[in-house]
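As structure tokens, the structure follows; a few thoughts come after it.
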């Protein structure tokens with residue numbers, strides 16, 4: 001009986017070890033606050049299609065991707081919008097018009113559970129609704145809209161990835177070109193999903209432990 005109980009506890013320990021192997025991996029997104037940039041300044045902006053304007057870690061396409069100073073009055077001073085709370089840093093990103101597109105590869109293990117979060121807000125000195133979609137590995141994860149002057153809001157997504165893939169933010173034109181969604185604070189963590197065989201073994205171990213306890217209590 002003692003040997004059987006010990007084996008059950010050993011299996012339960014293996015299950016806990018398995019859970020530990022799924023600990024979250026942070027820091028997956030590079031330059032999620034867009035602070036590492038060139039071509040702009042604290043009160044200015046630059047369109048990323050222009051020579052000398054870029055931000056590290058991301059690839060940008062389209063004419064409506066803009067690196068914007070958080071205190072830029074020309075863009076309605078993004079840092080003055082509600083809920084900014086001093087967390088924006090010196091720069092934010094703007095997705096404007098149709099076809100503004102930023103992307104970067106997330107390096108992930110096979111079968112990873114990903115927790116993605118970011119902030120968005122709406123340009124205050126230009127009226128109207130602006131929208132954008134979020135993609136991973138070519139699959140749309142969701143579409144979001146910002147109203148003019150909308151306070152900074154946090155969004156969160158959870159999805160399973162079958163390995164590394166491209167994270168993308170793509171603007172959708174719903175009217176006037178100058179409508180803009182501000183983006184900042186893109187972050188992600190990932191933990192590996194246990195393989196079905198390993199999970200089945202762990203559940204069997206827990207079931208055996210429960211059976212041993214019932215027999216001892218009988």
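The values are calculated or read from the model by the stated rules, or taken from the named source; none is laboratory data. Just so you know, these numbers come straight off a predicted model, no measurement behind them. Glycine gets a Cβ as well: all are built from the backbone with ideal geometry, and neighbour counts include every protein chain shown.
For region 69-77, does any single residue satisfy the condition of being closer than 29 Å to residue 190 by Cβ and either at pLDDT 95 or above or not assigned by TED's automatic domain parsing to the domain that holds residue 125 (or both)? Yes; the residues of region 69-77 include at least one that is closer than 29 Å to residue 190 by Cβ and either at pLDDT 95 or above or not assigned by TED's automatic domain parsing to the domain that holds residue 125 (or both).
For region 160-193, give me the residue count where each residue is assigned to a strand (DSSP E or B) and surrounded by 16 or more Cβ atoms within 10 Å (Cβ to Cβ).
Number satisfying all stated conditions: 21.
Whether a residue is more than 19 Å from the chain's Cα centre (by Cα) and either surrounded by fewer than 19 Cβ atoms within 10 Å (Cβ to Cβ) or assigned to a strand (DSSP E or B) (or both) was assessed, and residue 94 does not pass this test. Got at least one residue in region 124-131 being assigned to a strand (DSSP E or B), in the same structural domain as residue 68 (by TED's automatic domain parsing) and closer than 20 Å to residue 64 by Cα? Yes, region 124-131 has at least one match. Of the candidates 134, 114, the single residue that is in a strand (DSSP E or B), in contact with a strand residue (DSSP E or B) (Cβ under 8 Å, 6 or more places away or on another chain) and in contact (Cβ under 8 Å) with a residue 40 or more places away in the chain is 114.
Checked against the criterion of being buried (at least 18 other Cβ atoms within 10 Å of the Cβ), in the same structural domain as residue 119 (by TED's automatic domain parsing) and either at pLDDT 90 or above or not in a loop (DSSP other than H, G, I, E, B) (or both), region 2-23 contains not a single residue that satisfies it. If you go through region 137-155 and keep only what is in contact with a strand residue (DSSP E or B) (Cβ under 7 Å, 6 or more places away or on another chain) and in a loop (DSSP other than H, G, I, E, B), you end up with 137, 147, 148, 149, 150, 151, 152.
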